[in-house]
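A.B. asks: My structure is below; once you've seen it, I'll send some questions.
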Amino acid sequence: QVQLVESGGGSVLPGDSVRLACVFSGRGRTNSHQYIAWFRQAPGTEREWLAYIGWGGIVSETADSVKDRFGISRDEGLSTVMLHMHSLKSDDTAVYYCAASETPSREERAYNSWGQGTQVTVSS
């Protein structure tokens, strides 16, 4: 079982930058290294995939909708995956979740371990 804990959320102004962190521990069923992804969910909307990254950061992908403003990175020594968000807008207001999967995927159903989420509110 993989455990994940997000941090770094809060209330920010439009145009600000925020870095979210996801600390992960444990291994999956096959004892393999995990792909870690970030999703977000705004009230009344479906959960939206944002990015994923594999061991050592060798494999990663960011959603077209945010890749001009968001980036993902990974520090194996700290067992942490970061989501770097810039030029934030009110539409970025959501609960941000990290999740773990044994395969790289944009699909929510591929991820079987989830953190509790961290709220990001963008408002003037």
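The values are calculated or read from the model by the stated rules, or taken from the named source; none is laboratory data. Quantities reported herein were computed from a predicted structural model and do not represent experimental measurements. Glycine also receives a Cβ, built like all others from the backbone with ideal geometry; neighbour counts cover every protein chain displayed. Calculation scope for accessible area: heavy atoms of the full protein, side chains included, ligands and nucleic acids excluded. Shrake-Rupley method; radii C 1.70, N 1.55, O 1.52, S 1.80 Å.
A.B. asks: So, in the stretch 60-119, exactly how many residues are of a type in the set (S, T, N, Q) and part of a loop (DSSP other than H, G, I, E, B)?
C.D. replies: Total satisfying the criteria: 8.
A.B. asks: Can you tell me how many residues within the stretch 65-124 are open to solvent by 10 Å² or more (accessible area, probe 1.4 Å) and touching a Gly at 6+ places or on another chain (Cβ under 7 Å)?
C.D. replies: The number of residues fulfilling the criteria is 11.
A.B. asks: Follow-up. Within the stretch 65-88, how many residues turn out to be in contact with a strand residue (DSSP E or B) (Cβ under 6 Å, 6 or more places away or on another chain) and in contact (Cβ under 8 Å) with a residue 60 or more places away in the chain?
C.D. replies: Number of matching residues: 6.
A.B. asks: A further question on this structure: Would you be able to say whether some residue in the stretch 10-18 is more than 20 Å from S123 (Cβ to Cβ), among the β-branched types (V, I, T), open to solvent by less than 60 Å² (accessible area, probe 1.4 Å) and within 15 Å of the chain's Cα centre (by Cα)?
C.D. replies: No: zero hits.
A.B. asks: Between residues in the stretch 44-64 that are free of Cβ contacts under 8 Å to residues at least 12 places away in the same chain and residues that are of a type in the set (K, R), which pairs lie under 8 Å by C-beta distance while being six or more apart or on different chains?
C.D. replies: Note: no pairs meet the criteria.
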